[in-house]
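Take a look at the structure below.
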Amino acid sequence: MCRQLLNSPCSHLLLPFLIAIAISEIFSACSASYADVDPLPPISSGDHKEDHHQHYYEYSSEFSSMLKTRLEKAAPPPLASSEIFNVDDYGATGDGEDDTDAFKEAWRDACSSTNNGIFLVPCERIYHLKPITFSGPCNSHLVFKIEGTIKASPHISDYEKDRRHWIIFQNLSGFTVEGKGIINGNGRKWWLNSCKVNKTLPCKDAPTAVTFYQCTNLRVEGLRFRNAQKMHLSFQKCNNVKALNLWIYAPGNSPNTDGIHVTGTQFIAIKNCHIMTGDDCISIVSGSKNVRAKGITCGPGHGISIGSLGAGKSEAEVSNVVVDTARFSGTSNGVRIKTWQAEAVQVSNVMYQNIRGTSASQVAVKFDCSKSVPCQGILLQDINLAHKGKNDDKSTQAEAACKNVKLKNRGRVSPQCAGR
């Protein structure tokens, strides 16, 4: 029947339809394989086999509208006639052997294609990769579809050329990374060799698991990140970004394993993410503007942080940040801002609203800003953070430590800065 249809005079009209059916069947099969998987697997200490200035207070709605408009341009969905570049077709085996070369070859073809392609990492397999860079610009909008598991090479010697990165996506526009799969940094060996864990060892760099560098109109959605060597996910010098429905987890004692790191990036929305790590759930540093984080569950970890900024008297600025609807559970802090004493450092127009939960330390809110350039336009609205130590049965009143910050409270705010 299919052969007769393809040989008919109208076969060119049917081809996109048949391709769409094939794509649907592939992804629905992968979805079915995850049907019985708990969306938040337990965390163990090792790796698994599967392995503002005053005007700010009236500007929030305007900022949200502007951010929404900008982000609507991010990564359009692929057309039904998308071409599929399956890494298995390029020799990837997903059986424990190194699959880096197959991924490189599949990327070469996908990026050079003029069709809106899908780079496919199939489900139910574990693909091992050495450090790899997926570079653009590409000839069309691409979707990088991860349904299986991508796992980092366990050999530290594989990172001799660059100890700071494992997977890099760079110079890409209209790009989407999505799926129900896992990106596993295989970080245990790196943690054991960290000077924070073993004080007798020298301090050395460890790789960020996934870095997006100079990407525009970017969408990252639905993935699970686990056990990064250092940071899990970094957006560096990107513009117009959506990071949606991500699950990020590493043991609470894993060193420097920030969940999402934002640096030099503008117009980024981080939404509905569950983050459990050994460092900041979200860290926002210099050059980042128009950042919105909403629906964040955080803990264990160090909370949501801006900074530190201005170390070594460097220039640094973060502005127009909204943290809306966050739940903290046993984080070492709740929300933090840290700037060094420098003239060229500025944090302004930051709003925290609808924040709930517990802090493992007594200080749940900490703003430590420069005396020469105070943090300005900080708004706290409807905050309820309590102190609950690791071995405590009940929570108690938390504290706020605030230095050189101009802020305003709205609604019920607990804890409050002294004198407020």
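Please go through the stretch 335-392 and give me each residue that is out of contact with any Asp or Glu (no Cβ under 6 Å at 6 or more places or on another chain), among the hydroxyl-bearing types (Ser, Thr, Tyr) and farther than 24 Å from Met276 by Cβ, ordered by number. Once the filter is applied, which keeps residues that are out of contact with any Asp or Glu (no Cβ under 6 Å at 6 or more places or on another chain), among the hydroxyl-bearing types (Ser, Thr, Tyr) and farther than 24 Å from Met276 by Cβ, the stretch 335-392 yields Thr339, Ser348, Ser370.
Conditions tested, residue by residue: (1) at positive phi; (2) of a type in the set (Val, Ile, Thr); (3) open to solvent by less than 10 Å² (accessible area, probe 1.4 Å).
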position: Val220; (1), (2), (3): no, yes, yes
position: Leu244; (1), (2), (3): no, no, no
position: Ala250; (1), (2), (3): no, no, yes
position: Ser254; (1), (2), (3): no, no, yes
position: Met276; (1), (2), (3): no, no, no
position: Val285; (1), (2), (3): no, yes, no
position: Pro300; (1), (2), (3): no, no, no
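Residues of the stretch 335-356 include none that is farther than 14 Å from Val318 by Cβ, crowded, with 23+ Cβ neighbours inside 10 Å and at pLDDT below 95. Of all the residues in the stretch 302-334, those that are in contact with a helix residue (DSSP H, G or I) (Cβ under 8 Å, 6 or more places away or on another chain) and either at positive phi or surrounded by 23 or more Cβ atoms within 10 Å (Cβ to Cβ) (or both) number 1.
Hey, any hits in the stretch 183-191 for a residue that's touching a Leu at 6+ places or on another chain (Cβ under 7 Å) and crowded, with 24+ Cβ neighbours inside 10 Å? There is at least one residue in the stretch 183-191 that is touching a Leu at 6+ places or on another chain (Cβ under 7 Å) and crowded, with 24+ Cβ neighbours inside 10 Å.
Please enumerate the residues belonging to the stretch 391-405 that are out of contact with any strand residue (DSSP E or B) (no Cβ under 7 Å at 6 or more places or on another chain), among the charged types (D, E, K, R) and open to solvent by 100 Å² or more (accessible area, probe 1.4 Å). Passing the criteria: Asp393, Lys394. Based on this model, can you work out whether Gln416 counts as within 27 Å of the chain's Cα centre (by Cα) and either of a type outside the set (Gly, Ala, Ser) or farther than 14 Å from Val323 by Cβ (or both)? Here the answer is no, as Gln416 does not meet what is asked.
Looking at His128, is it more than 22 Å from Cys215 (Cβ to Cβ), modelled with pLDDT of 95 or more, open to solvent by 20 Å² or more (accessible area, probe 1.4 Å) and not aromatic (Phe, Trp, Tyr)? When the stated conditions are applied, His128 passes them.
Matching residues to (1) out of contact with any Asp or Glu (no Cβ under 8 Å at 6 or more places or on another chain); (2) farther than 18 Å from Ala92 by Cα:
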{"site": "Leu120", "(1), (2)": "no, no"}
{"site": "Tyr127", "(1), (2)": "no, no"}
{"site": "Ile132", "(1), (2)": "yes, no"}
{"site": "Cys138", "(1), (2)": "yes, yes"}
{"site": "Val143", "(1), (2)": "no, yes"}
{"site": "Ile150", "(1), (2)": "yes, no"}
{"site": "Asp158", "(1), (2)": "yes, yes"}
{"site": "Arg163", "(1), (2)": "no, yes"}
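Rundown of residues vs (1) of a type outside the set (A, V, I, L, M, F, W, C); (2) closer than 19 Å to His302 by Cβ, yes/no style:
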{"residue": "Ala344", "(1), (2)": "no, no"}
{"residue": "Tyr352", "(1), (2)": "yes, yes"}
{"residue": "Gln362", "(1), (2)": "yes, yes"}
{"residue": "Asp368", "(1), (2)": "yes, yes"}
{"residue": "Lys371", "(1), (2)": "yes, no"}
{"residue": "Leu379", "(1), (2)": "no, no"}
{"residue": "Asn384", "(1), (2)": "yes, no"}
{"residue": "His387", "(1), (2)": "yes, yes"}
{"residue": "Asn404", "(1), (2)": "yes, no"}
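Which residues, counting only those in the stretch 141-154, are over 18 Å from Gln214 (Cβ atoms) and either at pLDDT 95 or above or not in a loop (DSSP other than H, G, I, E, B) (or both)? The answer is Val143, Lys145, Ile146, Glu147, Gly148, Thr149, Ile150, Lys151, Ala152, Ser153. Looking across Asn239, Asn198, Asn227, one residue alone is more than 21 Å from Ala152 (Cα to Cα) and in contact with a Lys or Arg (Cβ under 9 Å, 6 or more places away or on another chain). It is Asn239.
Could you check the stretch 164-194 and list, in sequence order, the residues that are part of a loop (DSSP other than H, G, I, E, B) and more than 20 Å from the chain's Cα centre (by Cα)? Within the stretch 164-194, Asn193, Ser194 meet the criteria. Confirm whether Val347 is part of a strand (DSSP E or B), touching a Gly at 6+ places or on another chain (Cβ under 9 Å) and aliphatic (A, V, I, L, M). When the stated conditions are applied, Val347 passes them. On the stretch given as the stretch 212-237, residues that are more than 20 Å from Ile126 (Cα to Cα) and among the small types (Gly, Ala, Ser) total 1.
The values are calculated or read from the model by the stated rules, or taken from the named source; none is laboratory data. Bear in mind the structure is a predicted one, so any value in this text is a computation, not a measurement. Backbone-built Cβ (ideal geometry, glycine too); neighbour counts: all protein chains shown. Ligands, DNA and RNA are excluded from the accessible area calculation, which covers all protein heavy atoms including side chains. Shrake-Rupley method; radii C 1.70, N 1.55, O 1.52, S 1.80 Å.
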